[in-house]
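J.: I am attaching a structure below and will ask some questions about it afterwards.
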Amino acid sequence: MFQANGHRAVCHDGGRLAADILYAMGQGTQPLRGWPNARLIAGLYRERPHWRPALQAWRCVAFLRDRLPEALFLLTIPPRHRWPEGMQAHLDATRALFADDTRLITLDLTDTTPADLAARLRPMLALDRGLPDHWPVPDPVVDPPPMPKAPPGWAQDVARFCLAGLNPGAAGGAQGLSGFACRWDGTLSGSGAVTDAAGAPRQFTLLTPPVTGPWPWRARGVPSS
């Protein structure tokens, strides 16, 4: 819909959108500067590859609201039979966060069409060409794949290995480490606190998630809460 009218739309981007937002939140910097020409940004999560942490940057809506004062926020409501657990709480929390802020656009996909969204955005963005009569049929709802389970004691074994440090008598030194190896100088701030084996700074930040407890796995295309 956006692309058909000449507007750049970015969805997911391999998890880079989510990583950018969370890194900016941890650093206190402006998010999404790498996509200056995008008019629609969606898919603020990362769930692959399995060996990297899952990211749910859509939970950072308060940060985005404050950092992007000129942005509009689209809250889509899927048909009721497609609601995941916690959907109502997610809707309530988002509405309470924005209160009377007119930047929040709520779109119930059951009783609206793309023309309704185009009309809402028309003062700022032209979306009049090639509008479909209805929203596309979403992918079937499927259960997320089972999370891989580590053998008993695996985390403790990794922690012991990583915290043991290098054997000063071993040949090769840091040159024998994996390309993913990092060195932390023990500080929580400052340039170069985390470096790679060659001494180059790693992109690193500390962030307190905007929710309590573990974040649940997110089914593709359906935000959980």
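The values are calculated or read from the model by the stated rules, or taken from the named source; none is laboratory data. Computed from a predicted structure; not experimentally measured. Every residue, glycine as well, gets a Cβ built from its backbone with ideal geometry; the counts of neighbours run over all protein chains shown. Just the protein is used for accessible areas: all its heavy atoms, side chains included, with ligands, DNA and RNA removed. Shrake-Rupley method; radii C 1.70, N 1.55, O 1.52, S 1.80 Å.
J.: Scan region 156-177 residue by residue and report those that are surrounded by fewer than 10 Cβ atoms within 10 Å (Cβ to Cβ), modelled with pLDDT of 75 or more and either under 28 Å from the mean Cα position of the chain (by Cα) or assigned to a loop (DSSP other than H, G, I, E, B) (or both).
T.: Within region 156-177, just Ala164 meets the criteria.
J.: Further question on the same structure: Go over the candidates Pro36, Pro31 one by one and state the one that is modelled with pLDDT of 90 or more and in contact with an Asp or Glu (Cβ under 8 Å, 6 or more places away or on another chain).
T.: When all the criteria are applied, what remains is Pro31.
J.: Could you count how many residues in region 14-53 are within 24 Å of Leu121 (Cα to Cα) and either surrounded by 13 or more Cβ atoms within 10 Å (Cβ to Cβ) or free of Cβ contacts under 8 Å to residues at least 24 places away in the same chain (or both)?
T.: 14
J.: Restricting the first residue to region 82-110 and requiring it to be within 22 Å of Trp135 (Cα to Cα), which pairs with a second residue that is open to solvent by 40 Å² or more (accessible area, probe 1.4 Å) and in a helix (DSSP H, G or I) meet a Cβ separation below 7 Å and a spacing of at least six or different chains?
T.: Pairs found: Ile105/Arg120.
J.: Then there is this: If you go through region 66-82 one residue at a time, how many are open to solvent by 50 Å² or more (accessible area, probe 1.4 Å), of a type outside the set (Ser, Thr, Tyr) and touching a strand residue (DSSP E or B) at 6+ places or on another chain (Cβ under 9 Å)?
T.: Qualifying residue count for the region: 2.
J.: Scan region 88-100 for residues that are open to solvent by less than 70 Å² (accessible area, probe 1.4 Å) and touching a strand residue (DSSP E or B) at 6+ places or on another chain (Cβ under 8 Å) and jot them down.
T.: Passing the criteria: Leu91, Thr94, Phe98.
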